[in-house]
1. Going by Cα centres, the stretch 139-165 and the stretch 63-87 are how many Å apart?
2. Under 1.5 on a/c is rounded, so check that first for the stretch 160-201, then, if it is not, pick prolate when a/b is larger than b/c and oblate when it is not; a ≥ b ≥ c are the square roots of the alpha carbon gyration tensor eigenvalues.
3. How are the C-alpha pair distances of the stretch 49-91 spread across 10 Å bins, as whole percents from the shortest bin up?
4. Test of understanding: express the Cα radius of gyration of the stretch 41-198 as a ratio to 2.2 N^0.38 Å, with N the residue count.
Amino acid sequence: MSRRSLSILAGAVLALVLAIVAVATMNITPGGRAGGGTGTADIGGAFTLTGEGGETVTEADFLGKPTAIFFGFTFCPDVCPTTLFELSGLIEALGSDADKLNYAFVSVDWERDGPEDLARYTSSFDDRIRGLAGTEEQIEAITKAYRVYYKKVPTEDGDYTIDHSASVYLMDAEGGFVGTLSYGETHDSMLEKLKRLATQS
């Protein structure tokens, strides 16, 4: 075989290897697990929290219908009220399909947000959004399961705020992760995602 033929063959082999690597990695998230909104990502799982009426709530209470779940806190100055306001508008826009989904707001501020605080807070939005509170251990467990980032940040007045993930997590009726609504995403894009999710119920 000539040197030119060997060079062409080597180039073809290299291209094939690169193509295989690209296919193998294109559905991997930065965390190293399968993603791509196919329900295969390692997001979600068992949890135990407290509802607005003081009742115990677990992941089993949300099975049977897809769920949109958001993590934040009632003292949040902008991201949380904006997101819940937008979610309320999306619920209204869904019409009759809205009742095919669950909606949850989990507070990551276990020190200040109890069930009654969440009840007052969520009453400003759509009444189908369920506020969920928990102890430090319970919130640590669910945020780890959902891979939610949050961090307490001291403020100059001696109080604190909380930095946290700003996406709404979308779960199917079996509790599998299927995607997110991103902060700042267009209304039409988010509505289309929720409509598709509703058809899975």
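1. 15
2. Oblate is the answer for the stretch 160-201, as a/c is 1.5 or above yet b/c matches or exceeds a/b.
3. 22, 44, 34, 1
4. Working it through for the stretch 41-198, the quotient is 0.97.
Here, each number is a calculation from the coordinates, and none is a lab measurement. Given the structure is predicted, the values throughout are model-derived calculations rather than measurements.
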